1. With chain B treated as a Gaussian network of Cα nodes joined by springs under 10 Å, which of B:Gln51, B:Gln29, B:Gln163 yields the largest mean-square fluctuation?
2. I need to check one value: relative contact order of region B:12-74, counting alpha carbon pairs closer than 8 Å and at least 6 residues apart, in percent.
3. What dipole magnitude, in Debye to the nearest 20, does chain A give about its Cα centre under +1 on Lys/Arg Cβ and -1 on Asp/Glu Cβ?
4. May I ask for the distance between the Cα centers of region B:63-139 and region A:170-196, given as a whole number of Å?
5. For a quick check: sort B:Tyr190, A:Tyr50 by the number of other beta carbons within 10 angstrom, fewest at the front.
6. Using a label point 7 Å beyond Cα on the Cα-Cβ vector, give me the inter-copy distances for B:Asn8 in nanometres, one decimal, shortest first.
7. Treat the protein assembly as shown as a sphere of radius equal to its Kirkwood radius over Cα pairs and apply Stokes-Einstein at 4 °C in a medium of 1.567 mPa s; give the translational diffusion coefficient in µm²/s, rounded to a whole number.
8. What are the label-to-label distances in nm, one decimal and shortest first, from B:Arg27 to the same spot in the other copies, with labels 7 Å along Cα to Cβ?
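Each reported figure results from applying straightforward, stated rules to the coordinates on display, with no laboratory input. Nothing here was measured: the structure is a model prediction, and the numbers come from that model. Backbone-built Cβ (ideal geometry, glycine too); neighbour counts: all protein chains shown.
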Protein chains: 2
Amino acid sequence: MPKQTFFNISKDKRETLLNAAQKEFSRVQLSEALISNIVKSAGISRGSFYQYFNDKEDLYFFLLNKYAKESKESFISILKKLNGDIFNTFIEMFHLMLKKFKTKEHGDFLRNAFLNMNHKIENTFTNGFNKRKFSNELLELSDLIDKENLNIADEKEFRHVMQILMVITLHNTISNFTNEMPIKESLENYITEIHLLKKGLCKERRR
Amino acid sequence: MPKQTFFNISKDKRETLLNAAQKEFSRVQLSEALISNIVKSAGISRGSFYQYFNDKEDLYFFLLNKYAKESKESFISILKKLNGDIFNTFIEMFHLMLKKFKTKEHGDFLRNAFLNMNHKIENTFTNGFNKRKFSNELLELSDLIDKENLNIADEKEFRHVMQILMVITLHNTISNFTNEMPIKESLENYITEIHLLKKGLCKERRR
DNA sequence: AATTATATATGACAAGGTGTCATTTGTCAA
DNA sequence: TTGACAAATGACACCTTGTCATATATAATT
């Protein structure tokens with residue numbers, strides 16, 4: 001987390017700095033980003049940077065968290081709109097993300113994040129989903145989800161279902177970048193996979 | 001790919017260098033690894049390094065490819081042993097990998113690779129699986145797999161099934177690290193997910 | 001208002017990494 | 001022996017990082 005100093009400075013200055021960071025992290029991925037570029041672009045001294053943050057990553061994950069938070073809010077709002085239909089919620093969310101990636105303001109930043117998705121970045125987005133126990137976030141979601149049609153025996157299986165959907169969704173998002181597919185094709189592929197997940201990969205219901 | 005020069009030097013020298021690289025990439029992940037450490041540890045001059053490789057990544061992916069190749073061979077051999085049962089093959093493979101991660105010689109290297117898995121590293125391992133068309137590798141596998149019990153309508157769905165299994169498997173592997181779970185627990189979680197995938201996430205068979 | 005205490009800003013600096021290149025050393029064939 | 005080519009070297013210029021002593025601004029106190 002940024003240091004207290006960062007939250008003490010004026011909102012203007014803070015936003016200038018965040019914009020500079022966003023610009024740098026849109027240029028290249030985290031590991032290639034240069035503090036010196038951010039500092040230059042924000043018009044602050046090198047020393048100041050270290051008065052606000054511990055390091056590059058400190059700043060990066062602060063920014064990324066804002067994106068993640070927005071995403072989670074979108075997700076919940078879609079889920080409500082679709083009356084708890086988790087599958088279609090994921091599909092609509094997937095579509096929404098692909099469209100967001102095309103925008104000029106966020107596209108490159110997210111692109112770099114997803115192209116270099118690792119467990120830490122993933123966790124920022126899926127925070128709480130893949131933990132062993134129920135997190136608050138998952139708990140909040142859980143109540144909104146219609147479990148009638150879910151083929152689950154207990155709560156543990158429910159968590160795994162959510163995790164599976166999450167992972168497959170993330171992976172399809174990344175594929176959209178790496179294969180440079182048009183949105184339509186990505187969406188088709190994704191829906192195919194969701195369909196497969198729903199109906200099961202195995203022919204026999206009981207074996 | 002390494003330059004021709006690298007393949008011209010003596011096998012001894014080559015192996016010394018690869019060992020030095022392995023050591024450094026076991027210490028930290030790719031982006032934090034230092035050429036200067038590799039060079040020092042291998043006892044060659046800085047200039048020589050650049051006579052063999054274009055950069056750090058050139059060397060890294062050469063090494064990683066060797067691991068990936070071994071994995072693929074293991075996979076095929078297990079698949080044959082299990083008469084094309086793809087689900088149990090994945091489970092046995094998963095188990096095998098977890099055990100390999102515990103070994104002293106490969107553990108740290110693989111750990112760093114998986115903890116920082118991105119699409120490029122992933123692609124080294126799953127190479128050919130997630131492409132739009134049938135790759136040679138997938139084609140070779142395809143013949144070995146018993147499709148009788150697979151709930152697939154066509155070849156396209158088959159590719160997606162393979163991709164789903166791959167992605168879920170990778171993710172569970174990474175979880176094993178990040179959550180520092182004992183092998184037994186990881187395996188249980190994984191099997192739960194495979195089971196869910198097989199039977200389908202949705203209750204109704206036809207909707 | 002003057003003084004003191006505290007918070008913030010600065011940029012020079014040492015340490016250390018990178019990739020290059022002119023030069024040296026080694027090898028092999030004529 | 002000589003010449004041609006391949007491989008090895010390490011000094012070098014350039015760059016980034018994180019720190020720290022110092023300077024400046026802001027708030028608090030008398």
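1. B:Gln51
2. Numbers: 33 pairs, mean separation 20.5, N = 63.
This gives 32 percent for region B:12-74.
3. 180 debye
4. Centre-to-centre distance over Cα atoms comes out at 22 Å.
5. By the 10 Å Cβ count, ascending: A:Tyr50, B:Tyr190.
6. 6.2
7. Using the Kirkwood radius from Cα pairs, D works out to 56 µm²/s.
8. 2.9
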